[in-house]
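Notes follow the structure.
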Amino acid sequence: DIPMLAQLFLKQAVEKIGLEQKKLAPAALRLMREQKWAGTVRALRNVIEQGAVMSEGEVIRPEDFPFAAAAPNASPAPAAPEGGGISVHIPPEVVDLKAALKEVTEAAEKIIIERALTAHRGNRTHAAEALGLSRRALITKVQSYKLD
C-alpha cells in the first residue's frame, strides 16, 4: 500500500505546488516501506510533499526526506552540491557540541524554509504544510531568520 499511496501523494503534491514532474527513486520507495507510519496517511502525505520540495532534480532520493538520517538502512547523504547546500567548518578548538549542532541546524533550517517558500511561490500556508509545521511556527521562523 505504501508505494501506491506514495506515488499518488507525489502526483498530487507536484500538481498542488506547481513543480515539474518528479518520481521516487527505488531506494526512496524502499525507505518508505521500511518506515513505521503511525497509522496516519497524513504523515506519509506530508513526508512526500517535503521530499518533493527538498529534492533538487526530477528524482526524489532517500536523502530528500527529513527522516532519512535516522533510517537504519539509508545510504549516507552525498556531499552538498556547490552553491545549493551548506558547508560546515568547525575549528579544532570548538568542543561545545550543543552550540555547534544548534548553529548547523539553524543554517540548514533557513535554507530549507527558503526552498519551501520558493517552491510554493511565497504561500506560507502551503510551505508550512509541506514542511510539517503550523503556519504560525513557519511565520515565527521566517521572522527569526529575517526572510520577510
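The values are calculated or read from the model by the stated rules, or taken from the named source; none is laboratory data. As the structure is a computational prediction, the values presented were derived from the model and not from experiment. Using ideal geometry, Cβ is built from the backbone for each residue, glycine included, and neighbour counts are taken over all protein chains shown. Remember, those area values only see protein heavy atoms, side chains included, never the ligands or the DNA or RNA. Shrake-Rupley method; radii C 1.70, N 1.55, O 1.52, S 1.80 Å.
Among residues of the range 119-147 being in a loop (DSSP other than H, G, I, E, B) and among the basic types (Lys, Arg), the one that is nearest to ARG42 (Cα to Cα) is ARG121.
When you check VAL104 against the structure, is it farther than 23 Å from LEU24 by Cβ, open to solvent by less than 70 Å² (accessible area, probe 1.4 Å) and either modelled with pLDDT under 80 or under 14 Å from the mean Cα position of the chain (by Cα) (or both), yes or no?
On the way: farther than 23 Å from LEU24 by Cβ: yes; open to solvent by less than 70 Å² (accessible area, probe 1.4 Å): yes; either modelled with pLDDT under 80 or under 14 Å from the mean Cα position of the chain (by Cα) (or both): yes.
It is true that VAL104 is farther than 23 Å from LEU24 by Cβ, open to solvent by less than 70 Å² (accessible area, probe 1.4 Å) and either modelled with pLDDT under 80 or under 14 Å from the mean Cα position of the chain (by Cα) (or both).
In the set (1) under 23 Å from ALA128 (Cα atoms); (2) open to solvent by 80 Å² or more (accessible area, probe 1.4 Å); (3) at pLDDT below 90; (4) not small (Gly, Ala, Ser), ASP1 fails one condition alone, (1).
Yes/no matrix, rows are residues, columns are (1) over 19 Å from LYS16 (Cα atoms); (2) basic (Lys, Arg); (3) out of contact with any Gly (no Cβ under 6 Å at 6 or more places or on another chain); (4) in contact (Cβ under 8 Å) with a residue 60 or more places away in the chain:
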residue	(1), (2), (3), (4)
ALA100	yes, no, yes, no
ALA108	yes, no, yes, no
ILE112	no, no, yes, no
GLY122	no, no, yes, no
HIS126	no, no, yes, yes
ILE139	yes, no, yes, no
LEU147	yes, no, yes, no
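Among the conditions (1) at pLDDT 90 or above; (2) loosely packed, with under 12 Cβ neighbours inside 10 Å, the only one that PRO78 does not satisfy is (1).
Taking ILE17 as the residue in question, decide whether it is open to solvent by less than 20 Å² (accessible area, probe 1.4 Å), in contact (Cβ under 8 Å) with a residue 24 or more places away in the chain, out of contact with any Phe, Trp or Tyr (no Cβ under 8 Å at 6 or more places or on another chain) and closer than 16 Å to HIS120 by Cα.
yes
Total residues in the range 22-37 satisfying the condition of being within 7 Å of ILE60 (Cβ to Cβ) and outside any strand (DSSP E or B): the figure is 3.
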